[in-house]
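Enquirer: My structure is below; once you've seen it, I'll send some questions.
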Amino acid sequence: MKASFATAGALLVGCGQRGCATTAAVPRETRRVDVVVVGAGLSGLMTAREMLKGGVGSVLVLEARQRVGGLTVSQPIADGIVVDGGGQWVGDAHTRILALAKELGVETTESYASGVTVFYFNGVRMAGTGQVFDGVRMPGTGQIFTLGERDELRQVRQQLTDMAAELPIDAPWDAPRATVYDELSVFNWLRDHTRFEGVRQTINYAINFTFGAKPEDLSLLCFLVAIRGCGGLEKLLATSDAQDRSFMGGSQRLSLKMAEELGDRVILGAPVRRIVDDPGGPLRVETDHLVVEASRVVVAMMPADTRRIRFEPRLPKLRRGLARNWTGAPDYKVHVAYKTPFWRDLQLSGTVIADSSVVDFVFDSSPSDGSAGVLLAFGAGEELPSDVRSRRDAVTAALATYFGDEALTPTHFVEMDWMSEEWSTGCASPLKPQVLSVYGRALRAPVGRIHWAGTETSSVWNGFMEGAVRSGERVASEVIAALREGGMAVPVKAPESAPG
Ligand SMILES: Cc1cc2nc3c(=O)[nH]c(=O)nc-3n(C[C@H](O)[C@H](O)[C@H](O)COP(=O)(O)OP(=O)(O)OC[C@H]3O[C@@H](n4cnc5c(N)ncnc54)[C@H](O)[C@@H]3O)c2cc1C
């Protein structure tokens with residue numbers, strides 16, 4: 001989202017499993033493998049896992065950070081309680097990541113959903129039941145939505161879902177109206193298709209929450225593609241489909257477990273600087289200390305992150321344009337722990353939607369055994385103080401406005417500022433007009449022996465952990481097919497013979 005300070009108090013969890021090398025090896029050592037994966041986020045690790053399952057002989061994962069997990073990171077907050085500094089929630093629709101979690105033995109825990117939501121707009125605090133973005137209250141006025149406003153909100157949501165449904169899921173940029181949609185921002189479209197300010201604001205809050213962006217900066221096509229990938233706006237916003245549970249011990253555990261399986265096939269602290277795909281020789285992937293020769297490489301990260309890698313020869317114009325114009329929105333997530341989830345006694349769910357310049361969204365993130373209360377707050381950014389002490393005071397003061405004075409005395413406070421992360425350009429991808437329709441077809445198309453993974457490349461649930469897992473599955477099949485086509489014998493292996 002919008003915070004702009006260095007993270008003073010962020011706690012990061014290292015790889016911490018046996019066999020996971022902590023730094024790159026001897027300077028300029030040269031190794032040879034079948035496939036190199038760049039990036040040990042969910043998508044990269046899933047790619048490596050699926051390729052080994054699919055019979056690829058040798059795979060190496062190169063990760064810039066000293067930990068795996070990318071945009072998922074578990075942060076210890078108190079007495080054995082761990083919170084998610086990045087990707088957190090999943091729901092019924094996230095079938096692939098839930099299947100992966102089952103295989104890895106990572107259990108889920110349900111989000112707390114009882115009680116009422118607090119709405120805080122223009123200094124007025126209200127409590128209401130209902131879904132988060134269904135316009136139960138009229139933001140900004142304290143008035144309940146009129147019937148007319150409710151009707152319009154329903155119509156607008158349906159209209160966006162219908163428009164999205166017409167897009168070809170794997171190639172939305174080829175839709176007859178793609179260019180038209182991509183010339184418009186969501187702001188412009190809403191201006192022309194709504195009468196009520198409250199309706200516009202409700203959609204705006206949904207966009208802020210999902211993309212960390214303003215509707216002025218978001219292409220209508222980009223919004224529709226996200227809606228299409230989730231199967232409708234209702235699904236994108238409904239807690240039951242996308243947000244009703246999280247992983248016990250944090251979602252980074254999925255990556256840690258995959259990395260453990262992969263063992264010394266994962267090298268940490270190894271930022272890839274250059275990829276040379278000279279048709280006359282082997283593909284070369286270079287870090288500061290290691291050169292890996294391979295038949296194929298999978299780059300598993302947000303297109304904007306690939307700007308840090310030098311490709312030789314230069315990538316095609318379309319692919320360069322995609323990376324150059326890709327927008328990543330950073331976010332600031334803070335968890336505040338209390339002795340008990342005291343807001344539940346007040347019949348509050350812990351959910352807040354606010355127009356505050358400090359904390360604009362809050363959720364109950366307490367451990368399921370009720371041993372403590374934990375509130376997850378998303379920082380609104382611009383007005384957050386630059387030192388951690390003042391930030392903590394500002395955040396707890398905002399929470400006190402929503403939940404009462406008990407919120408002023410937390411036991412623990414832990415934050416994660418993604419803007420200060422060297423290896424992640426952003427948490428979400430609010431693309432501006434004229435990016436997807438112009439460059440979108442380069443998103444998944446392999447370039448020579450270079451393939452692309454990352455949640456953004458998924459047609460389904462792109463931007464979510466589910467999309468990352470699906471992209472790993474998709475690219476692994478793509479690479480295996482390419483290797484076979486190139487004459488490499490890739491035997492079909494039974495799933496049981498997966499890495500280990
Ligand atoms: C604050 C926040 C909240 C979120 N909430 C949710 C949620 O509730 N539910 C949900 O489903 N999703 C959520 N997400 C999104 C989800 O976390 C991501 O979609 C997913 O984790 C992306 O995985 P990935 O593998 O595609 O990319 P990444 O996790 O970004 O992995 C890319 C990897 O590449 C590495 N890398 C980058 N450059 C190089 C280089 N040159 N050399 C080597 N390695 C490199 C990076 O260090 C990183 O490890 C959230 C994300 C954030 C940050």
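Enquirer: One residue is enough: does region 396-413 have a residue meeting the conditions closer than 28 Å to ARG65 by Cβ, touching a residue at least 24 places away in the same chain (Cβ under 8 Å) and within 16 Å of the ligand (Cβ to nearest atom)?
Expert: Checked region 396-413: no residue is closer than 28 Å to ARG65 by Cβ, touching a residue at least 24 places away in the same chain (Cβ under 8 Å) and within 16 Å of the ligand (Cβ to nearest atom).
Enquirer: Then there's this: Yes or no: ASP134 modelled with pLDDT of 95 or more and acidic (Asp, Glu)?
Expert: Criteria not met by ASP134.
Enquirer: Quick one: what pairs do we get from region 474-492, first residue within 14 Å of ALA48 (Cβ to Cβ), second of a type in the set (Val, Ile, Thr) and outside any loop (DSSP other than H, G, I, E, B), C-beta under 7 Å, 6+ apart or different chains?
Expert: That search, which allows pairs on different chains as well, returns VAL475/THR47; VAL475/VAL298; ALA476/THR47; VAL479/VAL35; VAL479/VAL298.
Enquirer: Criterion first (within 16 Å of the ligand (Cβ to nearest atom) and in contact (Cβ under 8 Å) with a residue 24 or more places away in the chain) does GLU50 satisfy it?
Expert: yes
Enquirer: Quick one: in region 452-463, which of the residues that are in contact with a strand residue (DSSP E or B) (Cβ under 8 Å, 6 or more places away or on another chain) and within 6 Å of the ligand (Cβ to nearest atom) is modelled with the lowest pLDDT?
Expert: GLY463
Enquirer: In addition: If you go through region 328-365, how many residues are among the charged types (D, E, K, R), open to solvent by 20 Å² or more (accessible area, probe 1.4 Å) and touching a residue at least 12 places away in the same chain (Cβ under 8 Å)?
Expert: 4
Enquirer: Mind listing whichever residues of region 448-467 are under 15 Å from LEU100 (Cα atoms), assigned to a helix (DSSP H, G or I) and open to solvent by 10 Å² or more (accessible area, probe 1.4 Å)?
Expert: Selection gives MET465 alone.
Enquirer: Could I ask something else about it? If ASP264 meets every condition in (1) within 13 Å of the ligand (Cβ to nearest atom); (2) surrounded by fewer than 18 Cβ atoms within 10 Å (Cβ to Cβ) apart from one, which number is that one?
Expert: Exception for ASP264: condition (1).
Enquirer: Inspect region 250-264 for any residue being among the hydrophobic types (A, V, I, L, M, F, W, C), in contact with a strand residue (DSSP E or B) (Cβ under 8 Å, 6 or more places away or on another chain) and in the same structural domain as ARG154 (by the TED database) and give the result as yes or no.
Expert: no
Enquirer: State whether one or more residues within region 413-432 are of a type outside the set (Gly, Ala, Ser), open to solvent by 20 Å² or more (accessible area, probe 1.4 Å) and farther than 20 Å from ARG324 by Cα.
Expert: Checking region 413-432: at least one residue is of a type outside the set (Gly, Ala, Ser), open to solvent by 20 Å² or more (accessible area, probe 1.4 Å) and farther than 20 Å from ARG324 by Cα.
Enquirer: Please find, within region 468-495, the residue that is nearest to ASP174 (Cα to Cα) out of those that are open to solvent by 40 Å² or more (accessible area, probe 1.4 Å) and hydrophobic (A, V, I, L, M, F, W, C).
Expert: Looking at residues that are open to solvent by 40 Å² or more (accessible area, probe 1.4 Å) and hydrophobic (A, V, I, L, M, F, W, C), I get ALA481.
Enquirer: Of the residues in region 44-66, how many are open to solvent by 10 Å² or more (accessible area, probe 1.4 Å) and either more than 12 Å from LEU262 (Cβ to Cβ) or of a type in the set (S, T, N, Q) (or both)?
Expert: Count: 6.
Enquirer: A further question follows. Counting only residues that are within 22 Å of MET419 (Cβ to Cβ) and open to solvent by less than 20 Å² (accessible area, probe 1.4 Å), which one in region 314-327 is nearest to the chain's Cα centre (by Cα)?
Expert: TRP326
Enquirer: What is the one condition in (1) surrounded by fewer than 23 Cβ atoms within 10 Å (Cβ to Cβ); (2) within 22 Å of the chain's Cα centre (by Cα); (3) not assigned by the TED database to the domain that holds GLY57 that GLY379 does not satisfy?
Expert: The single condition GLY379 does not satisfy is (1).
The values are calculated or read from the model by the stated rules, or taken from the named source; none is laboratory data. Quantities reported herein were computed from a predicted structural model and do not represent experimental measurements. Cβ atoms come from the backbone with ideal geometry, glycine included; neighbour counts cover every protein chain shown. SASA here: full protein model, heavy atoms, side chains in, ligands and nucleic acids out. Shrake-Rupley method; radii C 1.70, N 1.55, O 1.52, S 1.80 Å.
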